[in-house]
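Asker: Take this structure first; my questions come after.
The values are calculated or read from the model by the stated rules, or taken from the named source; none is laboratory data. The structure presented is a predicted model; accordingly, all values stated were derived computationally and were not measured. Positions of Cβ are generated from backbone atoms using ideal geometry, with glycine treated the same way; all protein chains shown enter the neighbour counts. With ligands, DNA and RNA removed, areas are computed over all heavy atoms of the protein, side chains included. Shrake-Rupley method; radii C 1.70, N 1.55, O 1.52, S 1.80 Å.
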Amino acid sequence: MDPRTNSLLLINAALGNFLAGTSSRIFSVSLPTVANSLETTIVGISWAVIAYQISQISLSLIFGRIGDIYGRHTLFGLGLVVSSIGALLCGLSQNVGQLIAFRLFQGIGASMTQSQGRALAMEALPRESAGRAQGFMTTAFHSGVLIGPSIGGLLIDYVHWRAVFFFLIPIAMAGMVLTLINRWKGNAPKPSPIADANGTIDYLGAVLLVCATVALVACVDHRIMESLSGTVRAALVTVFLMLLSAFLFREHKASSPILDLSLFRIRMFTLSSLALLLVGVSQVMIGFVLPFYLQDVLHLAPSFIGLLFISAPVFTVTLSPLVGWAVDKVGPRMPATVGILFLAAAGFFGSFLRTDSHWTMAVGILALWGLATALFFTSNHTAMINSVPPQHRGVATGAIYVVFGLGSTFGVSLGTLLLTAAFRYYSADPGATPTPANPTVFVQAMNFSFLTGSIMALVAMSTSAMRGKGTPCLV
């Protein structure tokens with residue numbers, strides 16, 4: 001092993017990503033059970049999901065900047081503490097209001113760790129191994145995605161839904177121990193030198209960013225918008241535009257901005273961010289109706305569907321380290337672009353699903369999805385983080401989660417809108433709601449959603465191809 005490799009720091013960062021991947025999926029399988037236990041509806045429990053997303057999306061950039069100034073390793077460790085406390089409180093929740101508040105708090109911890117983890121992994125390996133670092137992190141995250149639903153299902157069946165949250169605490173505590181050992185051995189990386197003279201937090205910019213991001217999430221989340229009147233929706237969009245304008249003006253004038261707008265002059269960073277946004281939209285549009293198709297149209301058992309969905313993360317977990325090695329050899333553009341091509345192929349083949357298709361076709365689509373994830377995310381994350389100066393790597397890492405989170409949220413809204421429009425068109429009923437109770441029309445509308453997602457992926461692929469070979473920014 002290269003003597004310049006800090007194995008303990010790499011394992012520490014990977015464990016944080018594993019925790020994030022597990023947290024993202026282990027709760028999702030428990031939603032119906034938690035809703036029944038806390039005597040709320042599926043709409044009410046969905047706010048616990050929204051609260052977690054809002055924390056991650058609105059705070060990742062800010063914590064990225066804080067880590068750049070005061071030390072990523074310190075903030076990463078504090079994030080593990082907050083995550084463990086948040087998981088404990090979620091497990092002790094007595095009503096849905098408490099659960100929503102504690103999920104918001106848990107999301108703060110997740111934004112602290114995730115905004116630092118990938119940058120720390122890059123610092124744990126030699127500069128020429130940036131791709132391998134991101135490959136390890138992608139594998140760690142999707143290992144959590146792989147086991148999360150299975151562990152969650154077992155805990156719900158044989159223990160209690162509260163154990164879903166308690167299960168996360170030992171993982172976070174193991175990360176804390178590794179963090180302390182790293183600091184005790186003197187292996188913790190020092191804060192990067194700040195390019196500007198002040199090196200302080202722009203608190204006004206931070207407040208504007210949080211408010212603008214929350215407003216944007218509300219604008220693109222269909223669950224939130226459906227609960228508001230038309231007048232309130234228009235007002236919300238107006239507020240977002242005003243907050244965004246104020247934030248950009250503030251960042252342009254601030255001596256130590258949260259988001260240095262000059263980063264967008266870096267072609268690799270800007271086009272990689274745009275490709276990530278489009279891929280986030282495309283992935284959701286292609287995949288969010290597939291479980292309904294498998295269960296309500298093909299009438300497969302939920303347990304069997306769970307096994308089928310393992311095919312995607314299996315490909316991602318096993319291939320990501322190899323992709324990282326390839327990125328170090330040929331650069332991120334080719335692997336990322338090919339990865340998006342696999343995603344487009346998944347959407348294209350999905351547009352041919354029928355009411356009597358065999359489940360193996362769905363497995364093929366999920367396998368293409370897994371290949372796309374391994375190729376694109378490892379490559380694109382390397383490109384985004386490695387294209388900026390080291391003192392901005394925390395911000396670049398935070399931008400990954402902000403951009404992808406917004407893309408996924410927008411993808412759900414756009415996918416729902418298009419699925420509804422297509423369902424009404426094919427059923428000739430202008431007031432119809434998409435439902436598998438009419439399987440033929442539902443599958444036709446689903447095919448349209450898949451095809452649109454495939455086209456979106458092709459747009460992302462062209463964006464990825466235009467990013468250039470890129471030269472890592474190492475100074």
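Asker: Tell me which of ALA428, LEU353, VAL363 sits at the most positive position along the dipole axis of region 327-475, charges placed on C-beta atoms (Lys, Arg +1; Asp, Glu -1).
Answerer: Highest projection toward the positive end goes to VAL363.
Asker: If you don't mind, another one. Assuming R0 = 25 Å, what is the FRET efficiency of SER227 and PHE292, from their Cβ-Cβ distance, to the nearest 0.05?
Answerer: Numbers: r = 22 Å, r/R0 = 0.88.
Computed FRET efficiency for SER227 and PHE292 comes out at 0.70.
Asker: Could you pull out which residues in region 431-451 have an amide N less than 14 Å from a spot 7 Å beyond the Cα of ASP356, following the Cα-Cβ vector?
Answerer: Those under the cut-off are 440.
Asker: Something else about it: How much area per residue is accessible in region 57-119 when the probe is 1.4 Å and only protein heavy atoms are counted (Å²)? Spell out each step's value before the answer.
Answerer: Numbers: 1670 Å² over 63 residues.
Roughly 27 Å² per residue, with all protein chains present.
Asker: What is the calculated FRET efficiency for HIS299 to LEU248, with r their C-beta to C-beta distance and R₀ = 41 Å, to the nearest 0.05?
Answerer: Numbers: r = 51 Å, r/R0 = 1.24.
It comes to 0.20.
Asker: So what's the gap between the Cα centers of region 70-101 and region 44-61, to the nearest angstrom?
Answerer: Measuring centre to centre over Cα atoms gives 13 Å.
Asker: What part of the accessible area of region 23-127, given as a whole %, is carbon or sulfur when the probe is 1.4 angstrom?
Answerer: Working: 2220 of 3350 Å².
Accessible surface attributable to carbon and sulfur in region 23-127 totals 66 percent.
Asker: Where does the Debye-calculated log10 I(q)/I(0) of region 53-93 sit at q = 0.29, 0.34 Å⁻¹, using only Cα point scatterers of equal weight, no solvent?
Answerer: Taking Cα atoms of region 53-93 as identical point scatterers yields -0.99, -1.05.
Asker: For ARG183 and LEU154, FRET efficiency with R0 = 35 Å and r from the beta-carbon atoms, rounded to 0.05? Intermediate results must be reported in sequence, preceding the final value.
Answerer: Working: r = 35 Å, r/R0 = 1.00.
Result of the calculation: an efficiency of 0.50.
Asker: Once the cut-off is 18 Å, how many percent of the Cα-Cα pairs in region 214-274 end up in the long-distance tail?
Answerer: Numbers: 967 of 1830 pairs.
More than 18 Å apart: 53 percent of the Cα pairs in region 214-274.
Asker: A further question follows. How do GLU39, GLU226 stack up against each other in accessible area, from largest to smallest, with a 1.4 angstrom probe?
Answerer: Values: GLU39 165, GLU226 130 Å².
Descending accessible area places them as GLU39, GLU226.
Asker: Along the charge dipole of region 100-183, pointing to its positive end and built from +1/-1 on Cβ of Lys, Arg, Asp and Glu, which listed residue (PHE105, PHE166, GLY135) has its Cα farthest out?
Answerer: Comparing the listed Cα positions along the dipole, PHE105 ranks first.
Asker: Could you point to the residue in SER37, VAL338, TYR52 farthest towards the positive end of the chain's charge dipole, with +1 and -1 charges on the Cβ of Lys/Arg and Asp/Glu respectively?
Answerer: Looking along the dipole axis, the top candidate is VAL338.
Asker: Tell me the mean residue ellipticity at 222 nm calculated for the chain from its helices only (DSSP H runs of n ≥ 4, each -39500 (n - 2.57), averaged over every residue, nearest 500). Each step should come with its number before you reach the end.
Answerer: Working: 18 runs with 359 residues, N = 475.
Rounded to the nearest 500, the figure is -26000 deg cm²/dmol.
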